[in-house]
Ligand SMILES: C[S@@+](CC[C@H](N)C(=O)[O-])C[C@H]1O[C@@H](n2cnc3c(N)ncnc32)[C@H](O)[C@@H]1O
């Protein structure tokens, strides 16, 4: 185990060590218990990491990192702390297989560190392109664009509408639908550089939720009471003699797209001006690939990386394709494509179907069937996963889990992550460190220590477990879990491993 630093507090086992994995001692938990006893020894509760820096909170006001409002992101501060701790220098290469808004990639770039990143969401590509061009923008051109937008008026007879998919139907007022289409067309036809056009696209993307009747809320979109969906549902309830819904979303006055777009462009211009004056030109190379880490990592050369800093989707049913439906529809993703994209997500929703056959096909195509078989063996021989799968199955039979998709999700989640961990091991140079930010979860009264199970799988692959940083603030449980099984605090952790 590495030496603790000044910020670290030795773990208080009572509070951070899980005392009971299976509520009411329903099922077998001895394997999880013994893993817990082993890995609590390398767990530290650290002031270095907290709710603010493992979440998007700090990025909200951070130059450059606030450009894509991405609530699932972590902060630049967290990346900077880890780069320092891992002793990463200019010219080194860092990977983030789950880029999101690109925090790891952009912090690296600004520090002269090379980076590689993947994500399946098209918004990532736009955000990364916009941010990585920060030193190249022509501020005079952006000023011209801002003043042209100020003077734009939609012609009376303008009739186009922004595209919709089923889940976004009715998200905007009629006028807003027109505005989005109009400003988009104008941007496409505008005679300016590609990077400025892309920046305007990012600013439109950032405006969509604000100007819509929706609000992002965990696993889905909430709808304002004025939206078509809510009005129809209210009408339906009335017809059926039901009282109106009490909890309703009222977003108040919605800004026009023009105003929101101008606000966004002014805000990014301030950042561009600041960064262009202060940043060194010695930036790192940033290589972003739009695609699934599961299929792209096996294509990379071995012994490439000095570090990995990432946060995968959590095993918490959170569906990025629903939360970002407005943005995806805007970017031309159809109903058909969104279903495909959902299946590309690392299994983190109850709708994810197993993709192991597909992974196998990809490995065979790369002449890596042997690797595939070895990785599968690690998954199949893992007793902790076997205990969890068995317990969840028993819970499901007992009526404690209302959706069998949870079982498929948990199994797929660890299976797929093991492929990621194995590829990272191959890609890392000797001495490289890997940091994963993740949350533990609980289903049907069964605690799943994602941090420790991942560390166990990583160790089987060949990594040396270094530390599990656990946040002082642990996570609560859903109200259903609490009501039925009582409260068990769940760790939020950053696991650190090293390739020997
Ligand atoms: C927790 S977020 C990462 C946020 C990021 N650290 C940031 O600061 O913005 C997880 C990301 O993983 C992406 N993702 C999900 N499945 C993926 C896959 N198979 N390959 C690559 N990325 C994937 C999601 O689209 C999401 O952007």
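Quick notes on this one:
- Helices (runs of 4 or more DSSP H) enclosed by region 209-320 - at least 3 residues per element that are modelled with pLDDT of 95 or more: 257-278, 293-296
- Cβ-Cβ distances below 7 Å connect the following pairs, each with a first residue in region 271-296 that is more than 30 Å from residue 423 (Cα to Cα), a second residue that is within 16 Å of the ligand (Cβ to nearest atom), and a separation of six or more residues or different chains: 271/63; 271/64; 274/63; 275/63; 275/64; 279/110.
- Residue match in region 49-57 (condition: part of a helix (DSSP H, G or I) and buried (at least 19 other Cβ atoms within 10 Å of the Cβ)): no
- Flag if residue 6 is crowded, with 20+ Cβ neighbours inside 10 Å, modelled with pLDDT under 95, out of contact with any strand residue (DSSP E or B) (no Cβ under 8 Å at 6 or more places or on another chain) and part of a loop (DSSP other than H, G, I, E, B): no
- Flag for residue 202 being assigned to a helix (DSSP H, G or I) and surrounded by 14 or more Cβ atoms within 10 Å (Cβ to Cβ): yes
- Filter result for residue 282 (more than 22 Å from the chain's Cα centre (by Cα) and farther than 21 Å from residue 126 by Cβ): yes
- When 307, 256 are checked against the criterion of being away from the ligand (no atom under 16 Å from the Cβ) and either touching a helix residue (DSSP H, G or I) at 6+ places or on another chain (Cβ under 8 Å) or closer than 30 Å to residue 134 by Cα (or both), a single residue qualifies: 256.
- Test for residue 316: is it closer than 26 Å to residue 443 by Cα and out of contact with any strand residue (DSSP E or B) (no Cβ under 9 Å at 6 or more places or on another chain): no
- When we screen 46, 55, 105, 75 for residues that are under 30 Å from residue 423 (Cα atoms), in contact with a strand residue (DSSP E or B) (Cβ under 9 Å, 6 or more places away or on another chain) and within 15 Å of the ligand (Cβ to nearest atom), the only hit is 105.
This table checks each residue for (1) surrounded by 15 or more Cβ atoms within 10 Å (Cβ to Cβ); (2) within 16 Å of the ligand (Cβ to nearest atom); (3) in a loop (DSSP other than H, G, I, E, B); (4) in the same structural domain as residue 220 (by TED's automatic domain parsing).
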residue: 351; (1), (2), (3), (4): yes, yes, yes, no
residue: 359; (1), (2), (3), (4): yes, yes, no, no
residue: 372; (1), (2), (3), (4): yes, no, no, no
residue: 378; (1), (2), (3), (4): yes, no, no, no
residue: 390; (1), (2), (3), (4): no, no, no, no
residue: 399; (1), (2), (3), (4): no, no, yes, no
residue: 417; (1), (2), (3), (4): yes, yes, no, no
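- Filter result for residue 71 (outside the structural domain of residue 265 (by TED's automatic domain parsing), in a loop (DSSP other than H, G, I, E, B) and closer than 24 Å to residue 328 by Cα): yes
The values are calculated or read from the model by the stated rules, or taken from the named source; none is laboratory data. Since the structure is predicted, the reported quantities are computational estimates derived from the model, not experimental observations. Neighbour counts are summed over all protein chains in view; Cβ atoms, including those assigned to glycine, are modelled from backbone coordinates with ideal geometry.
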